[in-house]
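Trainee: Next up is a structure, given as structure tokens.
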Amino acid sequence: MAAINFKKITNLYFLKVINNMKKLQQAFLVALVSLFFLISCNNNPTTEQSMKKCSQTSWGTADNKPVNLFTLTNSKGDIVKISNYGGTVTSWLTADKNGKIADVVVGFDSLSGYLAKPPYFGSTIGRYGNRIAKGIFSIDTATYHLATNNGANHLHGGNKGFDKVVWDVVPTPDSLASLTLHYLSVDGEEGYPGNLDVTVVFTLSDDNTLSFDYSATTDKTTPVNLTNHSYFNLTGDITQTILNHRLQVHADKFTPVDTGLITTGVLQDVKETPFDFLQPHAIGERIASVPGGYDHNFVLNRTTADNELVATVTDAVSGRVLEVFTTEPGMQFYTGNFLDGTIKTSQGIAIQQHTALCLETQHFPDSPNKLAFPTTLLKPGEKYHTVTAYKVSVASVK
Ligand code: GLA
């Protein structure tokens, strides 16, 4: 009996050891998988979990590549959604002065809205934001011909700019409200010289600032001018225009344009013109005297090379305030002049003229052909780096 018991005990002991080893193995595997998910929000196709500040869902495919929608959340409860299709900010949910949450940017709920080629709603713009006259420029003795996709001119990177490509997702911890996207724009794409390696880091901080950190390198000299093309309506209601929003821009000068919206090369004083926003003005106050509406680059008054406050927009009804910070020398103020009701939101609301505004930080338009403007040329061995941030807050209720 004693021998049998001993055998049994020995067998049981070994079984236990084997079981424990299996458990250990399982625990190790679980730990490994959790670690993987922990360090890479962007590889973790799950829905929101409490501690996460970045989560993602599948959003379909484009160019046979998977497209995802990323949700960044901060401690204030602001929610920003960004897709790796076009590096597009699709939504920014934020409270008004009464705590009512609404979306302050124009965007769609599904990828199909973006595949229909809307006018750059929330997109990352590149390789060159804004216009290049006739799509032609020269560097030394070489002349380059870009795609002409805006009348006779080149606009926002061409037919298939950075807003219409699927960006690679660089894994970042999902404990951060941050998304890193990468894109390699190959030599000759849309007519541009050089392989351009681009990274954009989007970060939503706890003070409701959405920042864009752009960096790039090239293997041939090329113009680079990256921006974000979010359309804001601080009322959070796309049936309202932005004409009652008040705008302040720290710019003594702007760059006038010709009938094709190409900069003339002149830096004009804003004084005694409808472009004087040195003190806040309602956007609608003088818009009638700007043919077509505002679609102009402001020459920002910079005092440092830092990410400086350059513009403020306020909406008295919602109490929301939008501040724009940038390291860039210019900013395109666009009042949604070409919106004409033909595009509808995902809820079926027609998006009418002047129902949203863009503040596109940038170098001055057509700078490859306006040699007196700050250069946009990036050379091999150099690093392109700019930062822009939009901060949304509410004015204190009086
Ligand atoms: C930019 C341009 C505008 C217009 C919009 C998109 O803001 O300056 O002229 O093309 O993009 O419609």
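Trainee: Roll a 1.4 Å probe over the protein chains and send me the accessible area per residue for the chain in Å².
Mentor: Working: 18130 Å² over 398 residues.
Ligands and nucleic acids excluded, the result is 46 Å² per residue.
Trainee: Regarding the range 99-228, what is the average projected area of its C-alpha convex hull, in nm²?
Mentor: On the way: hull surface 38.9 nm².
Over every viewing direction, the Cα hull of the range 99-228 projects on average to 9.7 nm².
Trainee: Sorted by packing (mean other beta-carbon atoms within 10 Å per residue), highest first, where do 178-188, 208-218 land?
Mentor: On the way: 178-188: 17.7, 208-218: 20.7.
Answer by packing, highest mean first, reads 208-218, 178-188.
Trainee: Using the alpha-carbon centroid of each, what span in Å lies between the range 166-210 and the range 63-142?
Mentor: Each part reduced to its Cα centre gives a spacing of 12 Å.
Trainee: Moving on to the next point. Greater than 24 Å separation of Cα atoms is the criterion. Which listed pairs, LYS65/LYS164; LYS81/LYS383; LYS53/LYS160; LYS65/LYS379; LYS76/LYS100; LYS76/LYS117, meet it? Intermediate values should be presented prior to the final figure.
Mentor: Details: LYS65/LYS164 12 Å; LYS81/LYS383 28 Å; LYS53/LYS160 31 Å; LYS65/LYS379 30 Å; LYS76/LYS100 13 Å; LYS76/LYS117 33 Å.
Too far apart for the 24 Å limit: LYS81/LYS383; LYS53/LYS160; LYS65/LYS379; LYS76/LYS117.
Trainee: At 0.692 mPa s and 37 °C, plugging the Kirkwood radius over alpha-carbon pairs of the range 287-340 into Stokes-Einstein gives what diffusion coefficient in µm²/s?
Mentor: Working: Rh = 13.0 Å.
Estimated diffusion coefficient is 253 µm²/s.
Trainee: Suppose the Debye formula is applied to equal point scatterers at every Cα of the range 38-186; what is log10 I(q)/I(0) at q = 0.09 Å⁻¹?
Mentor: For the requested q values the scattering log ratios are -0.35.
Trainee: Next question, about the same structure. Quick one: if you stick a label point 7 Å off each Cα along the C-beta vector at ALA350 and GLN268, how many nm between them?
Mentor: Modelled inter-label distance: 3.3 nm.
Trainee: Which angle from 0 to 90°, rounded to the nearest 10, does the C-alpha axis of helix 2-39 make with the longest principal axis of the chain?
Mentor: The angle comes out near 0 degrees.
Trainee: If you average 1/r over all unlike Cα pairs in the range 201-309 and invert the result, what Kirkwood radius do you get in angstrom?
Mentor: On the way: mean 1/r = 0.0596 Å⁻¹.
16.8 Å is the Kirkwood radius here.
Trainee: With n ≥ 4 as the cut-off for DSSP H runs, can you work out [θ] at 222 nm for the chain, using -39500 (n - 2.57) per run divided by the number of residues, rounded to the nearest 500?
Mentor: Working: 2 runs with 43 residues, N = 398.
Per the formula, -4000 deg cm²/dmol.
Trainee: Applying the Karplus parametrisation 6.51 cos²θ - 1.76 cosθ + 1.60 with θ = phi - 60° to the phi angles of the range 60-71, what ³J(HN,Hα) value in whole Hz is obtained for each residue in order, glycine and proline being reported as x?
Mentor: Residue by residue, the range 60-71 yields x, 9, 8, 6, 6, 10, x, 10, 10, 10, 9, 10 Hz.
Trainee: Sticking with this one: At R0 = 41 Å, how high is the FRET efficiency between ASP252 and LYS65 if r is their beta carbon distance? Nearest 0.05 is fine.
Mentor: Details: r = 45 Å, r/R0 = 1.10.
That pair, ASP252 with LYS65, gives E of 0.35.
Trainee: When a/c is below 1.5 the answer is rounded, else prolate if a/b is larger than b/c, else oblate, so apply that to the chain with a ≥ b ≥ c taken from the square roots of the Cα gyration tensor eigenvalues. Please report the intermediate quantities before stating the final value.
Mentor: Values: a/c = 2.57, a/b = 1.77, b/c = 1.45.
The shape class here is prolate.
Trainee: Shifting gears a bit: Please turn the phi angles of the range 111-125 into ³J(HN,Hα) values with the Karplus equation 6.51 cos²θ - 1.76 cosθ + 1.60 (θ = phi - 60°), one per residue in order, whole Hz, x for glycine and proline.
Mentor: In residue order, the calculated couplings are 4, 4, x, 7, 5, 7, 6, x, x, 6, 4, x, 6, 7, 10 Hz.
Trainee: With a 1.4 Å probe and all protein chains left in place, how much of the accessible area of the chain comes from carbon and sulfur atoms, in whole percent?
Mentor: For the chain, the apolar C and S fraction of the accessible surface comes to 59 percent.
Trainee: Here's a follow-up. Which of the three applies to the range 209-254, rounded, prolate or oblate, going by the alpha-carbon gyration tensor with a ≥ b ≥ c and a/c under 1.5 meaning rounded? Spell out each step's value before the answer.
Mentor: Numbers: a/c = 3.07, a/b = 1.98, b/c = 1.55.
Judged from the Cα gyration tensor, the range 209-254 comes out prolate (a/c at least 1.5, a/b above b/c).
Trainee: Nothing charged except the Cβ atoms of Lys and Arg (+1) and of Asp and Glu (-1): what's the magnitude of the dipole of the range 288-398 about its Cα centre? Round to the nearest 20 debye. All intermediate terms of the calculation are to be shown ahead of the outcome.
Mentor: Numbers: 8 positive and 10 negative charges, 31 e Å.
Charge dipole of the range 288-398: 140 debye, to the nearest 20.
Trainee: While we're on this one: If you take the Cα Rg of the range 253-398 and divide it by 2.2 N^0.38 Å, with N the number of residues, what do you get? Mind showing how you got there, number by number?
Mentor: On the way: Rg = 16.8 Å, N = 146, 2.2 N^0.38 = 14.6 Å.
Here the Cα radius of gyration is 1.15 times the empirical estimate.
Trainee: Jot down the radius of gyration and Dmax of the range 249-304, Cα atoms only, both in angstrom.
Mentor: 11.3, 34
The values are calculated or read from the model by the stated rules, or taken from the named source; none is laboratory data. Bear in mind the structure is a predicted one, so any value in this text is a computation, not a measurement. Neighbour counts run over all protein chains shown; Cβ positions are idealised from the backbone, glycine included. The accessibility values were calculated without ligands, DNA or RNA, using every heavy atom of the protein model including side chains. Shrake-Rupley method; radii C 1.70, N 1.55, O 1.52, S 1.80 Å.
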